[in-house]
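Below: one structure, written as structure tokens.
Here, each number is a calculation from the coordinates, and none is a lab measurement. Given the structure is predicted, the values throughout are model-derived calculations rather than measurements. Neighbour counts are summed over all protein chains in view; Cβ atoms, including those assigned to glycine, are modelled from backbone coordinates with ideal geometry.
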Amino acid sequence: MASSNGTVQATTRTVRFRIERSDGPGRGTRWEIFDVPVASGGEGSGSANVISCLQWIAAHPVTVEGRETTPITFDCGCLEEVCGACTMVINGKVRQACSCLIDDYAPNEGDEITLEAMSKFPTVKDLFVDRTRLFNDLKRIKGWVPIDGSYNLGAGPRETPDTQQVRYKLSECMSCGCCLEACPQYTLEVEPSGKGFVGAAVISQARYFNEHGTGSTLKKDRLDVMSGVGGVSDCGNAQNCAKACPKEIPLTESIAAIGRSTTFHRIKQFFSGK
Amino acid sequence: MNTVNENESFLERHHYLLRRLHSLSGIVPIGTFLMIHLTTNSSIVWGLMDGKYPNMHGGAATYQHEVNFIHSLPLLLLIEIFGLWLPIAFHAGLGVVYALSGSNNVRRYKYQANWRYALQRLSGYIGVLFLFYHVATLRWGWTFLMPGNTKWDSEFAASTMALALRGETDGFTAVGMAVALFYMVGVSLLVFHMANGVWTAAITWGLTVTETAQKRWGYVCAGLGAGLMAAAWASVIGFATLDYDKAREAEEYIGGGHGSQILEAENESVRHSGAAGSEAVR
Amino acid sequence: MSGSDRQRVLVVGGGLAGLAATIRIAEAGIPVDLFSLVPVKRSHSVCAQGGINACNEVARQQGYSEYEHFDETVYGGDFLQHQPPVYEMAHWAPKVIDLLDRMGVPFNRTAEGQRQLRLFGGSLYKRTHFAGATTGQQLMYALDEQVRRYEAEGRVNKYEFWEFLRPVIDEDGRTQGIIAQDMRTMQIRGFRGDAVVMATGGCGLVFGKSTNSVMCTGAAAARCYKLGVQYGNPEFVQVHPTAIPGADKLRLMSESARGEGGRVWVPAKKNSSGQWEPHPNSGMDPRQVPQDERWYILEEKYPAYGNIVPRDIATREIFSACMDGFGVGGGNMVYLDLTHKSPEFLETRLGGIMEIYRKFVGEDPVEVPMKIFPGVHYSMGGLWTRYSADADYARVKGGSMAFDLDREWDPDERPACGLDPEATDNMMTNVDGLYAFGEVNYQYHGANRLGANALLSCIFDGLFCGQGVVKYVQGRSSSPAAEVSAAIFERGERDEEEIVRRLIDSSGGENAYDIGRELGEEMTAASTVVKSGGRLESALVRLGELRARYDKLSLADTGMWTNQNLSYSRAVGDMLLIADAVLRGGLNRKESRGSHYREDFPTRDDANYLKTTVATYNTGTGQADISLEDVEIGLVEPRLRTYGAVESGEKEEEKATAGASGA
């Protein structure tokens, strides 16, 4: 449909991809290098991104040495940075591959782009990692609004536009894991312990649910987790999370807000005994 | 969550309390002491300016005066053990455990806050080594670690401190130079550690939630850090460049149990709350 | 009793429809196994942006109603849908919104804390509820959270990164489970289920680049189709008017951009006779183009609806303007302009898409008009399903019961012309126990879906028809799937392993990625905005070539650990089947209706084609056999669908002018 028919003629240049590959968990890693032709300057055709280059490699799996290899295994979904799947480490920093435009990252002939799998999650294969821990941690904090079932019981609690704006921003978290990859306190667990640091994404989600009228009925449970092992106090305030977040969620605010809540929670608990 | 789980270690069961005590201990008593200590020590420089002790090394005299006051406190050893050494051991011990739970990544994420995260841990490691050296040599008298086997003497506080930093009365021995540099690095890191720690503590406890509040508090902490850094450097440089003989002269004048005859003269010229302390010493 | 203890439902697909069904079924106490190619939170529903439609009090007091919502949907769909399901859905819409609200969806709010509303295509009333411009994502997360809750309670088992391979249907034609493959370990195994809900979404990837996510291949639907499940209206594929082209996909720029006041225009100049002509310098900085050299192509032709005409109409207007040489810079682009709106307004209402445009195009739509072009977006067609109309439908249709539109109906007392809530066959395919919910279900949207109705239909299917699944499963408690002989599962596993082996062993030198790309290019060229008999015929020939080449694949990766190459190659085979049904359905339909525009038959032909296309897979020819089935139009008589286009000379119906200002 929307195909290239621009007035400016597209030109092609070569971009070199260095990709860290792995055949599976515990099978070691190796580097493979690919030269990918990238069109640029053709208005209307849309610029290439890391995903379109990986797709090109899938159709032409040959390294620069001329050796035939397998297509790169990687996770992706929406390709518009709302699903969070294609998170990987690009040129040393974690981000989504879909929004990584080649014209920005490698504007000149022969420029190099390095791709690695996220290091804080177990690798399944190549750039594809297993982020189950993140979803399990959302269970740990009871990340839901405890409604009385799905039958019609009228509207939910009213909400001011200000609260809505705060919650909306937090709700944009797509569980991509950028904040966790960039966090010096979040470390790889090959076997999930259920005690590891939950990281900024999950802390922010705890705040999200605590801010909701009905969601706040589980606030105590969430703050128990948040003030336990792997909770908010494991944060080291490096604040990389907020910098790495592609959705610009105010994660450090969430951490401080949960810090404040746990302070009150524990003091209250100390005196009430509950 | 609060049920006792046998598989949980002591650290896990009291995770939150320990974390918060760790944070608190850094501010009270350790940070508070650091502020007092650096103010006192920097009197080696500001004592020069205040003109209270004309005709002698005012810095050494003021400093000796302060030291005398501290050494006049009752149960000093107990205060030191419970107010300082144990809290520092607690803060440092847990600090190392916590620091080991992370792995810094400033090489990849070169953000200012991330540098501070890394530096906070580095300053903790080096700072605790420095403190150990500092207390062991000056307080516990481990003279074999001192340049020129100096023994610090609270009655000749400034002059023996100068020796401790230099190894000789005039100029520096090689070891002395190393110790002086170690002091410069050590106190700088500790000051940073405290200022940055106060900043992060405000987030940890939930005092500063919004980005704006964190930024504002950041300026306050930077100001605090700058002030303390000035005091710290003044102290080290002050002692390291001290005129040994003049200091000795001033110390003898103030007296840490010596030269009682001078005290009357002092009492006349000094309108100073610490004066009572000097008397107690006598 | 032992039987019912072991009963469970398998839900395939974890988007809005699958999650809503899972919630409703698990809530009823029946365990659910939920299968998804991706962690369900990453399902394609997150890409929905604009909002979700429902009658609401503000609109109601201006004359809107559930009935109006129903009528708009049918009018928007060019009358091709069965009316009882649409009627039921429209009446359920306010309840769906309330439920989502209770789940904590951060809907935009008014100063008073009420849910904010916006205009959307095909309606003159504000009846679209929204959460910024990421409504789909927000709804998805709310449902995902509820499912996570049930998962934590042990009522739901998730099988994420598992690929559905086929339904398991016994000799009596009853569904007993599925065969699926773990995409990490590549293990193929059967799962027993007393009912199977397919909620696998659309097939945008058949058209190569579309606004769809990479998993929207339509393969799951094709795998059912191949085993005898019928496919309805395959030729109806929605092309969204406003997408931004990219090298890997087309990124949607929500209809809400127009709902919130966005204007579509191209630089143009009027000649002496007052006709627009292409601008000699149309590539110039859009901010420098004087007002009188901007042709607002939709506003001028559709004064009542303006930029919010339904998608098929907006798409054709934009497409033909570009074909006539009006495209920006002579290319395939028009402007979608929001620069007259304040930055704060745009940030709260449309922040999500503003960000996408900034990130992927590198320009700020607050400052510069966006450059957009239509892109394949949604499949109205899908697995054919049946339903049971409620008691009053036959009476109203037969004329024995009056449906007084002028009366203000209490929503709970309105005539029961929708679906029978007691029935077990609502949205069940022609195979017993196999349901299709959401986009993979061909119901509700007819020949063209109205914006912000998709989220509604997905959740409605899951909630309303999920009840039917529960009743169906309860009805077979004496013969649960758990007691079925293992043989049919073993056979299914063997057959699928055989398919894998054939792909792995094949060494004909063809590359699945090339075939997929060529298929997409051909389908886009032949079967999207403008179709013709000749072009469709030639596309079928081309498709035959591609299918022949597909039989000679060589896989670059033949390993048996997380082999995405295998998964994609297998899906390409299924996409070729869907493409065949799309082309044959389009070829057979010699009229123009909704999204289906045949330049050789440019008008609607109710006499012959007010009918559902039903595609049945012919195992002998490997092609779709096309038949036509009557559409249930017992409530609203089909009328001319002009949306008040001025050149048509028609006087637009009553409401076109009525609601325009007040809504």
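Listed by chain and number, the aspartates and glutamates whose C-alpha is less than 18 Å from the C-alpha of C:K471, apart from same-chain residues fewer than 8 away, are C:D5, C:E27, C:D33, C:D194, C:D390, C:D420, C:E422, C:D425, C:D432, C:D461. Shown for A:D126, A:D23, C:D285: other C-beta atoms within 10 Å of each C-beta, ranked fewest to most, produce the order C:D285, A:D23, A:D126. Here's how it looks for C:R604: its modeled amide H is under 5 Å from those of C:S592, which are all 5 or more places away or on a different chain. Counting only DSSP beta bridges with both residues in the protein assembly as shown, tell me the antiparallel percent, nearest 5. DSSP beta bridges in the protein assembly as shown are roughly 75 percent antiparallel. In order along the stretch B:181-196, the phi-based Karplus estimate (6.51 cos²θ - 1.76 cosθ + 1.60, θ = phi - 60°) of 3J(HN,Hα) comes to 5, 4, 5, 4, 5, x, 5, 4, 5, 5, 5, 4, 4, 6, 4, 5 Hz; Gly and Pro are listed as x. Considering only C:F161, C:S123, C:T211, and ranking their Cα positions along the charge dipole of the stretch C:108-219 that arises from unit charges at the beta-carbon of Lys, Arg, Asp and Glu, the one farthest toward the positive end is C:S123. Every helix of 4 or more DSSP H residues in chain C counts as -39500 (n - 2.57), and over all residues that averages to -11000 deg cm²/dmol at 222 nm. Ranking A:Q96, A:A257, B:G225 by Cα position along the charge dipole of the protein assembly as shown, where only Lys, Arg, Asp and Glu carry charges on their C-beta atoms, puts B:G225 farthest toward the positive end.
Over 30 Å apart at the Cα level, from the set A:K219/C:K95; B:K215/C:K359; A:K243/C:K126; A:K125/C:K371; A:K243/C:K158; A:K169/A:K220, are A:K243/C:K126; A:K125/C:K371; A:K243/C:K158. Give me log10 I(q)/I(0) at q = 0.11, 0.16, 0.18 Å⁻¹ for the stretch A:131-272, Debye formula, one equal scatterer per alpha-carbon, no solvent. Relative scattering, expressed as log10 I(q)/I(0), comes to -0.40, -0.84, -1.04. About its Cα centre, the dipole of the stretch C:241-379 is roughly 200 debye, where the only charges are +1 on Lys and Arg Cβ and -1 on Asp and Glu Cβ. The charge dipole of the protein assembly as shown, taken about its Cα centre with unit charges on the Cβ of Lys, Arg, Asp and Glu (plus for the first two, minus for the last two), comes to roughly 1620 debye. Contact order for the stretch A:11-128, expressed relative to its length and based on alpha carbon pairs under 8 Å spaced 6+ residues apart, stands at 34 percent. Quick one: which residues, 5 or more positions from C:V376 or on another chain, have an amide H under 5 Å from its amide H? H modelled 1.01 Å from N in the peptide plane, none for Pro or chain starts. Excluding prolines and chain starts, which carry no amide H, the hits are A:A2, C:T211, C:H240.
The three principal axes of the C-alpha atoms in the stretch B:131-237 carry coordinate ranges of 53, 24, 24 Å, sorted with the longest axis first.
Distance from the Cα centroid of the stretch A:136-205 to that of the stretch A:77-134 is 22 Å (rounded to whole angstrom).
When cysteine pairs in chain A are screened for C-beta atoms closer than 4.7 angstrom, the residues that find no partner are A:C53, A:C98, A:C100, A:C173, A:C176, A:C178, A:C183, A:C235, A:C245. Counting every C-alpha pair in the protein assembly as shown, the share spaced more than 41 angstrom apart comes to 52%.
Using only side-chain charges placed at the Cβ, +1 for Lys and Arg and -1 for Asp and Glu, the dipole size of the stretch C:315-411 relative to its Cα centre rounds to 460 debye. Once every Cα of the stretch A:56-114 carries one equal point scatterer and solvent is ignored, give the base-10 log of I(q)/I(0) from the Debye formula at q = 0.22 Å⁻¹, two decimals. Each listed q corresponds, in turn, to -1.07. Answer rounded, prolate or oblate for the stretch A:11-128, using the Cα gyration tensor with square roots of eigenvalues a ≥ b ≥ c: rounded when a/c is under 1.5, else prolate when a/b is larger than b/c, else oblate. It comes out oblate by the Cα gyration axes. The HN-Hα couplings worked out from phi for the stretch C:155-170 by the Karplus form 6.51 cos²θ - 1.76 cosθ + 1.60 (θ = phi - 60°) are 8, 10, 10, 9, 10, 8, 6, 10, 10, 6, 10, 5, x, 9, 10, 7 Hz, whole numbers, x standing for Gly and Pro. As a calculated quantity, the FRET efficiency between B:Y219 and A:F264 at R0 = 22 Å, using C-beta atoms, amounts to about 0.25.
What longest range of chain C stays clear of loop-exposed GluC sites (Glu not before Pro) (DSSP non-H/G/I/E/B, at most 14 other C-beta within 10 angstrom)? Counting only loop sites that pass the neighbour cut-off, the longest clear stretch is C:172-362. Seen from a random direction on average, the alpha-carbon convex hull of the stretch C:241-379 projects onto 8.6 square nanometres. By the helix-only formula, in which each DSSP H run with n ≥ 4 contributes -39500 (n - 2.57) and the sum is divided by residues, chain B has a 222 nm mean residue ellipticity of -22000 deg cm²/dmol.
The amide H of C:G177, built 1.01 Å from its N in the peptide plane, has C:V168, C:G193 as neighbours under 5 Å, considering only residues 5 or more places off or on other chains. Each of B:V198, C:V9 has some number of other Cβ atoms within 10 Å of its Cβ, and from fewest to most they run B:V198, C:V9.
By the gyration tensor of its Cα atoms, with a ≥ b ≥ c the square roots of the eigenvalues, what is the shape of chain B: rounded for a/c under 1.5, prolate for a/b over b/c, or oblate? In terms of gyration-tensor shape, prolate. Counting Cα-Cα pairs of the stretch B:1-111 in 5 Å increments starting at 0 gives whole-percent bin shares of 2, 10, 13, 13, 12, 12, 11, 9, 7, 6, 3, 2, 1, 0. Across chain C, Cα-Cα pairs more than 51 Å apart make up 7 percent of the total. Sorted fewest first by neighbouring Cβ atoms within 10 angstrom, A:M88, C:M560 come out as C:M560, A:M88. Which of the listed residues, C:Q443, C:T185, C:I633, is farthest toward the dipole's positive end in chain C, when Lys, Arg count +1 and Asp, Glu count -1 at the beta-carbon? Farthest towards the positive end: C:T185.
The string of couplings for the stretch C:44-50 from the Karplus curve (6.51, -1.76, 1.60, θ = phi - 60°) is 4, 3, 4, 7, 5, 10, x Hz, one whole number per residue in order, with x for Gly and Pro.
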